[in-house]
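Before any comments, here is the structure.
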Ligand code: SDX
């Protein structure tokens, strides 16, 4: 394989280094391009531009492959737990028994949040979107734990900041939900495991069976694993670029939460259910909505369909679709929305518009159906995505710092006015 690329510009030709990754991905290193040629590259949406060399997650969009630190998503979803996957993503290897127990013990000691944070919860309008609350509350952790602001923390200091964020996120998410209902908040019970403790703080004191139902805990654990990381997506790239200014972890993750909120990204799981509800209210004509999605004059998109990288299938969607049937059956939930989703998928997968554009169900298409069956309201779905994505954001931020990445600052091509002279307002 050639180690160099040759770029011909006007009468000059330039040799540019080629980078080949461990999974044979290839890239042209243009870091010196402007110095040697005066040119930059342009790539709206970074569809063809690699920002980093990363060792955390590998995707193959054509083959529908997703691996965390070399382990396939199928194996991890089947055999691992979310907190074990969190350790794998952040520290690079699956923990042994002692490492996992120490990790769990540390997390269990930091699940409480400062009592003064309750004032933030009380200040939000009761129906304000949970993602806006989550972004604000996570950023406010930097106020309560100022040691996290140190731009060059020791390994021990950073480990503690990471532990606190993983631990307190479950408390913050569950308290946002309880406040939205006007329910009393429920404090962490550290004898419960990470996911069971989260479900207890969220659904506790309502129906005992929710807390001990292993089906619910297992379904939640699997969903969190499937959302844990996804290489350089919009919100992760946000976390990395905010962190590249030496901004603290809490504020960097807060920015990632805001990016994830968008309906084109993590907000899609909420938009999918709202779309399916609209189809149901409108008489369930899936064909009408498929045609709307294909109509260039209609801003409507088939939410939960399409992906920047996956051009065959999203392996997470396959796992979640199977889990849907499993979980709803075990919980005795008969949700007509599931059949509508399957019908919509069937129609789209046999429609040339979607086939030509390689649009398939993504992680958000079926996940909301399970969240609904577990008892979550629709506007909490993006928050659950953020809870799952947290270890990925942490791992990517940590890698960026360890690799001493420079502050992110893309260039541009200016297309505005050239020289103009100021004239007084009287003559404008
Ligand atoms: C996530 O990047 C990640 O890894 C993200 C994520 C993660 O884990 O972090 O996987 C999570 O964000 C999943 C995606 C959730 N979003 C949605 O489900 C929203 C609906 N999907 C789209 O808006 C869209 O598919 C994107 C945003 C996901 C991807 O958009 P791209 O890669 O910029 O593709 P595009 O907009 O250029 O679309 C290419 C063509 C266009 O048609 P033409 O102009 O070529 O005629 O496909 C069409 C688009 O109009 N198209 C759709 C469509 N998605 C793309 N048409 C109808 N419905 C859709 N959903």
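Read-outs throughout are calculated quantities, based only on the coordinates presented, and are distinct from any laboratory measurement. Predicted model only: the values in this text are computed from it and were never measured. For neighbour counting, all protein chains shown are included, and Cβ atoms are generated from backbone atoms with ideal geometry for every residue, glycine included.
Listing for the model above:
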{"item": "Volume per residue that the Cα convex hull of region 268-374 spans, once the total is divided by residue count, Å³", "result": "92 Å³"}
{"item": "Gain upon complete extension [residue 352, residue 147; 0.36 nm per residue less C-alpha separation]", "result": "68.3 nm"}
{"item": "Rg and Dmax of the chain, Cα atoms only, in Å", "result": "23.4, 78"}
{"item": "Length added when fully stretched, residue 13-residue 36, from 0.36 nm per residue minus Cα-Cα", "result": "7.3 nm"}
{"item": "Of every Cα-Cα pair in region 4-50, the percent that sits beyond 15 Å", "result": "51 percent"}
{"item": "Label-point separation in nm, residue 246 to residue 155, each point 7 Å along Cα→Cβ", "result": "2.2 nm"}
{"item": "Gain on full stretching of the segment that runs from residue 23 to residue 53 - 0.36 nm per residue minus C-alpha separation", "result": "9.6 nm"}
{"item": "Residues in region 141-173 reached by a label modelled at residue 402 [backbone nitrogen below 16 Å; 7 Å Cα→Cβ]", "result": "153-163"}
{"item": "Pairwise label distance in nanometres, residue 106 with residue 292, each label 7 Å out on the Cα-Cβ vector", "result": "4.8 nm"}
{"item": "Calculated over region 189-301: convex hull of Cα atoms, volume per residue (Å³)", "result": "169 Å³"}
{"item": "37 °C / 0.692 mPa s Stokes-Einstein diffusion coefficient of region 22-109, Kirkwood radius on C-alpha pairs, µm²/s", "result": "203 µm²/s"}
